[in-house]
Ligand code: HEC
């Protein structure tokens, strides 16, 4: 290895390990200005650390939300088309289709403030002032039924708000509660000779656990049949499952662009693909639905 090459590698290492020193020597970069650090340093923690001084009330929040957020999230934070729902869903976390919103799911109010202030409106992040973020947060509490319409939120009363699902999160206790169940000594008696031979599928043997409605346990409500068969059964499904209406809309929204995109594709290829995809659709239906529903 040549001397200069060795030097290059060494200097690369040094620049990784001690950037400021090399930056000075190479004349690259400069220390960040306090204002620049401040602009990035927007994290707000559950205990209120990082909250900027400011305040905003529900009414102001309603106006700002209508102006900057409602085009995607709806006037009442109910979510338009497939955009995220921000209100409602209380008591649904144990449902087959939980509606996870700020009110039903989020454990800390700080996440609302931090997220809105940091990354919304989608595509125009960090254009919401601190006061606007307080007002929007107050409005989101209101639209989740957690405060009255005359409520004003500020850095002073912020940590007094306890979110309904604050107790719904706890440290992962599986090493204590689950691992012992799987670590007993393996039974090595009466073992079958030779390699196992597959003779039947569980579904033919009828050993797949069933729900009371006779469907395989954990089957998501009729929406998949609906998506397959068309609008008539979508309406049926909507009557059956509370969240199905939203899903039906999401499915519709998801289907429209897809239909446009395949115009001009080889019909034979599309048909073949459809056949193969049907297999995946039945098997992985729950996953498919979740990705459609959330975003
Ligand atoms: C152009 C559409 C659009 C606009 C306008 C918009 N959002 Fe969003 N919002 C989104 C999308 C998309 C997501 C999901 C982003 C992701 O998951 O990465 C989202 C996510 C959120 C979430 C988190 C939802 C969850 O449960 O994960 C909140 C809270 C939120 N937005 C609040 C706001 C607020 C407040 C405004 C107005 C200041 C706003 N949004 C404006 C599209 C939008």
Inset, instruction - Evaluate the following for residue 125: is it within 22 Å of residue 104 (Cα to Cα) and within 16 Å of the ligand (Cβ to nearest atom)? - result: no
Legend entry - Of all residues in segment 137-148 being assigned to a loop (DSSP other than H, G, I, E, B) and in contact with a helix residue (DSSP H, G or I) (Cβ under 8 Å, 6 or more places away or on another chain), the one that is farthest from the ligand (Cβ to nearest atom): 148
Legend entry - Filter result for residue 193 (at pLDDT 85 or above, in a loop (DSSP other than H, G, I, E, B), assigned by TED's automatic domain parsing to the domain that holds residue 61 and away from the ligand (no atom under 16 Å from the Cβ)): no
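Each row is one residue, and each column tells you yes or no for (1) within 16 Å of the ligand (Cβ to nearest atom); (2) touching a helix residue (DSSP H, G or I) at 6+ places or on another chain (Cβ under 6 Å); (3) under 15 Å from residue 76 (Cα atoms); (4) in a helix (DSSP H, G or I).
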| position | (1), (2), (3), (4) |
| --- | --- |
| 135 | yes, yes, yes, yes |
| 150 | no, no, no, no |
| 153 | yes, yes, no, no |
| 156 | no, no, no, no |
| 159 | no, no, no, yes |
| 164 | yes, no, no, no |
| 171 | no, no, no, no |
Inset, instruction - Considering only residues that are assigned to a helix (DSSP H, G or I) and touching a helix residue (DSSP H, G or I) at 6+ places or on another chain (Cβ under 6 Å), look in segment 115-133 and name the one that is surrounded by the fewest Cβ atoms within 10 Å (Cβ to Cβ). - result: 132
Legend entry - Condition met for residue 42 (at pLDDT 95 or above and under 22 Å from residue 156 (Cβ atoms)): no
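The values are calculated or read from the model by the stated rules, or taken from the named source; none is laboratory data. Quantities reported herein were computed from a predicted structural model and do not represent experimental measurements. Quick reminder, even Gly has a Cβ in these numbers, built from the backbone with ideal geometry, and neighbours come from all protein chains shown.
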